[in-house]
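First the structure, in the form of structure tokens, and then the observations on it.
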Amino acid sequence: MAKLRLEITKGEEIRYISHLDYASAMERAIIRAKLPVAYSEGFNPHMKISFASALAVGVTSQAEYIDIECKAEIDVNQAVEHLKATLPMGICIKGAAYIQGNVPALMAIVNLATYEITVPLLAEDIGIIEDSIRWFNEAEAVLYTRESPKGKKEIEIKQYMAKPITLTALEKAVRLILEIRITPTGSIKPGEVLGALVAMFDLPVDIDNLLIHRTGLYISNANRQVSPVEL
């Protein structure tokens, strides 16, 4: 077996499709490209592919990763060219490499995500924005209540923030830069961080018209920070 790791995108054209539909689009493209993909055994065989970290609906990304287990190793450039001809708009291949050896699954090794949140302002005074971000960054703990069909769960946001939030002022908008840890016990979504900023730190922004873009996924430790294709 050979494991082909791809760095791909989720663009504006498909920002509102679910992760399941995104994965299905990749599966159909792999079939049309006639890659020698491996399947599981049993009564309901499925394609042996895996993703690093699912994106929420409405979030775009320039750095998604997928592992494709192949029955045979074919030329990387040839595999990429065949896939490019079958992928829908919004999914582009930025990099590809074979991963050698018995490496852990992507979801087990990716532990850091970076995001940009661009959101319109409801106040003209940038000082108010800076104060809200500073109060959040200086807070020792920020409790956020996540609501789901399973009920409510209180999450301490700051344990997942790898670095303080930084901001860039734009014309009638602001761009926030976030670095979020992904841990075995969970993580926090960038939209939830923004929700906490608005509800608890009086950030005056139009939360109904935000744009969230994932800029990177990394394997990070005390010595280095690399993307999954740089291993």
- Message: Please determine whether any residue of segment 96-111 is of a type outside the set (Asp, Glu), closer than 30 Å to THR168 by Cβ and either modelled with pLDDT of 95 or more or open to solvent by 60 Å² or more (accessible area, probe 1.4 Å) (or both).
- Response: yes
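Can you report the number of residues in segment 64-74 which are in a loop (DSSP other than H, G, I, E, B) and either at pLDDT 95 or above or surrounded by 11 or more Cβ atoms within 10 Å (Cβ to Cβ) (or both)? Let's see the steps before the verdict.
Of segment 64-74, the ones in a loop (DSSP other than H, G, I, E, B) are 71-74.
Right, trim to either at pLDDT 95 or above or surrounded by 11 or more Cβ atoms within 10 Å (Cβ to Cβ) (or both) and you get 71, 73-74.
The total comes to 3.
A quick yes/no check of all residues on (1) in a helix (DSSP H, G or I); (2) of a type in the set (A, V, I, L, M, F, W, C); (3) exposed (fewer than 14 other Cβ atoms within 10 Å of the Cβ); (4) modelled with pLDDT under 95:
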residue	(1), (2), (3), (4)
LYS3	no, no, no, yes
GLU7	no, no, no, no
ASP21	yes, no, yes, no
ILE30	yes, yes, no, no
GLY42	no, no, yes, yes
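Quick grid of which residues meet (1) touching a residue at least 12 places away in the same chain (Cβ under 8 Å); (2) open to solvent by less than 20 Å² (accessible area, probe 1.4 Å):
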| site | (1), (2) |
| --- | --- |
| ILE128 | yes, no |
| SER132 | yes, yes |
| ALA141 | yes, no |
| LYS158 | yes, no |
| THR168 | no, no |
| LEU178 | yes, yes |
| GLY191 | yes, no |
| ARG214 | yes, yes |
| GLU230 | no, no |
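Any idea how many residues of segment 122-142 are among the hydrophobic types (A, V, I, L, M, F, W, C) and modelled with pLDDT of 95 or more?
Step one: list which residues in segment 122-142 are among the hydrophobic types (A, V, I, L, M, F, W, C), which gives 122-123, 126, 128-129, 133, 135-136, 139, 141-142.
After this cut, where a residue has to be modelled with pLDDT of 95 or more as well, the list is 133, 135-136, 139, 141-142.
Matching residues across segment 122-142 total 6.
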- Within segment 84-98, can you find the residues that are part of a loop (DSSP other than H, G, I, E, B) and small (Gly, Ala, Ser)? ALA85, GLY90
- more than 30 Å from ALA196 (Cα to Cα), in contact with a helix residue (DSSP H, G or I) (Cβ under 9 Å, 6 or more places away or on another chain) and open to solvent by less than 20 Å² (accessible area, probe 1.4 Å), is that true of ILE49? no
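Give LYS152, LYS189 a once-over and let me know the one that is farther than 21 Å from ASN209 by Cα and of a type in the set (Lys, Arg). Can you show your working first?
Numbers: LYS189 fails: farther than 21 Å from ASN209 by Cα.
Selected residue: LYS152, the only one of LYS152, LYS189 that is farther than 21 Å from ASN209 by Cα and of a type in the set (Lys, Arg).
Sort out for me the helices (runs of 4 or more DSSP H) sitting completely within segment 99-214 that have 2 or more residues that are under 21 Å from the mean Cα position of the chain (by Cα). Don't jump to the end; show me each part of the working.
Numbers: elements: 106-109, 126-138, 190-201.
Here the list reads 106-109, 190-201.
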- Item | Test result for GLU81, under 18 Å from PRO104 (Cα atoms), acidic (Asp, Glu) and not in a loop (DSSP other than H, G, I, E, B) | no
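The values are calculated or read from the model by the stated rules, or taken from the named source; none is laboratory data. A quick note: this is a predicted structure, and the numbers were derived from the prediction, not measured. Because the Cβ atoms are built from the backbone with ideal geometry, glycine has one as well, and the counts that use them run over all protein chains shown. Accessible surface areas use protein heavy atoms only, side chains included; no ligands, DNA or RNA. Shrake-Rupley method; radii C 1.70, N 1.55, O 1.52, S 1.80 Å.
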